[in-house]
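The values are calculated or read from the model by the stated rules, or taken from the named source; none is laboratory data. Quick caveat, the model's predicted, so the values are computed rather than measured. Here the Cβ positions follow ideal geometry from the backbone for every residue, glycine too, while neighbour counts run over all protein chains shown.
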Amino acid sequence: MARIETPRRIRGTQDIFGDEQRRFAHVLSTFERVRALYCFQRVDIPVFESTAVFARSLGETTDVVSKEMYTFEDRGGDSLTLRPEFTAGIARAYLTEGWQQFAPLKITTSGPVFRYERPQKGRFRQFHQIDAEVIGAAEPAADVELLVLADQLLRELGIAEGVTLQLNTLGDAETRDAWRAALVAHFEAHRDALSEDSLTRLEKNPMRILDSKDPRDRPIADSAPDIDAYLTPEARAFFDAVTAGLDAAGVAWERNARLVRGLDYYRHTAFEFVTDRLGAQGTVLAGGRYDGLIGSLGGPETAGVGWAAGVERLAMLLDEPAAAAIDAVVVPMGADAEARAMGIVADLRRAGVAVEMAYKGKIKARMAKADALGARFAIILGDDELAKGVAAVKTLGAGTQAEVAFADLAEALR
């Protein structure tokens, strides 16, 4: 008989369990709590969209679209893509679901996203993001609110130390066009010294040369003109309002004039929260203002700003999370006690008491399980207890024991 080969986990995916899952869940629960403080609504959108949603929003020439998307044809012949990020799908929903009536719309979401890239520390082909967006607000206050939300999230996760907010402005459309022309002129003058990747970017996406990691490009990128010389008065006032708002909210920031976004629909604020605690790939949360995105999807010109963060990367920075607290472990001895214990466990759980059942082994092994689970109490049931209508409740830390009537168990355990 042929041996059946056990299926393997797909490269770049993960099975999240135990301590790792507790870190993961802690990031998500903290995010849910903080977003509620800022009055952001939760939305959930499809895991896959029409490929055109991402091709239009991310740009046909970007690495994500050309190399990293999971794209397939369904049985109807439509080209679909597993979402590589959230913003494009949210923008599509804003247009197709009539959400314009709720503008300015403050929303968050979370879930898996998919990119076919080389797996490395903290990076997977199926990974998870949290995402926050404000759509329909052109005011700098929206940028400030999102940045303060992100700062508070990192603080409440306990990982803000050693994380720096880097901030830049990409200006308005007029600023961007003038700066782009100056960059192209600068890079053209040095094209003989540029890397192959940067020569490709020079034709399609010249701003991306500024964040090139190739040593050949760094001297040329570092000597490129800054955007500040090309800022219109309106663009400068917008950036000043964002930085003043951050100062008023007590959020520390650093200017990084080389922080860019390659796509034309990005405007004004661009930002990254970075750390050196994750090696070279140090960004833990990033975003910016994308006032031209919804227009690029065929909708009316609509302001938007948002950010996303990888759940796995945030979880890697967390201290060891405590296991979920268990109030009690029920230890039944004998068939009659096991039958009665089923009802007791159900009643306690309905009363809001976290209870585990120790099914197997001798009394010593079952009590050891109660200790190992970190339970506060062991509820021991045997024939004697059943006859009296009570349980023996042992306080595990103190070693004391008392008899408690079945009807009073929930109250006693609280």
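So here's what we get for this one:
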item: Residue list for segment 272-293, filter: part of a loop (DSSP other than H, G, I, E, B) and buried (at least 23 other Cβ atoms within 10 Å of the Cβ); result: 290
item: Close pairs (6 angstrom Cβ cut-off, 6 or more residues apart or separate chains): under 21 Å from residue 44 (Cα atoms) in segment 68-83, among the charged types (D, E, K, R) and surrounded by fewer than 17 Cβ atoms within 10 Å (Cβ to Cβ) anywhere; result: 80/74
item: Qualifying residue in segment 176-189 (condition: buried (at least 21 other Cβ atoms within 10 Å of the Cβ) and among the small types (Gly, Ala, Ser)); result: no
item: Tabulated pairs, segment 276-293, first closer than 16 Å to residue 309 by Cα and at pLDDT below 90, second hydroxyl-bearing (Ser, Thr, Tyr) and part of a strand (DSSP E or B), C-beta under 6 angstrom, 6+ apart or interchain; result: 282/275
item: Selected residue (only one of 182, 132, 160 is more than 30 Å from residue 16 (Cα to Cα) and either under 32 Å from the mean Cα position of the chain (by Cα) or at pLDDT below 95 (or both)); result: 182
item: Hits in segment 232-271 - residues which are part of a loop (DSSP other than H, G, I, E, B), in contact with a strand residue (DSSP E or B) (Cβ under 8 Å, 6 or more places away or on another chain) and modelled with pLDDT of 95 or more; result: 251, 252, 253
item: Among (1) modelled with pLDDT of 95 or more; (2) surrounded by fewer than 20 Cβ atoms within 10 Å (Cβ to Cβ); (3) under 19 Å from residue 130 (Cβ atoms) - the single one residue 85 does not satisfy; result: (1)
item: Pair list, Cβ < 9 Å and 6+ apart or interchain, from segment 6-29 residues that are without any contact (Cβ under 8 Å) to a residue 12 or more places away in the chain to residues that are exposed (fewer than 13 other Cβ atoms within 10 Å of the Cβ) and among the acidic types (Asp, Glu); result: 9/15
item: Residue in segment 140-173 that is farthest from residue 42 (Cα to Cα), counting only those that are surrounded by fewer than 18 Cβ atoms within 10 Å (Cβ to Cβ) and free of Cβ contacts under 8 Å to residues at least 12 places away in the same chain; result: 161
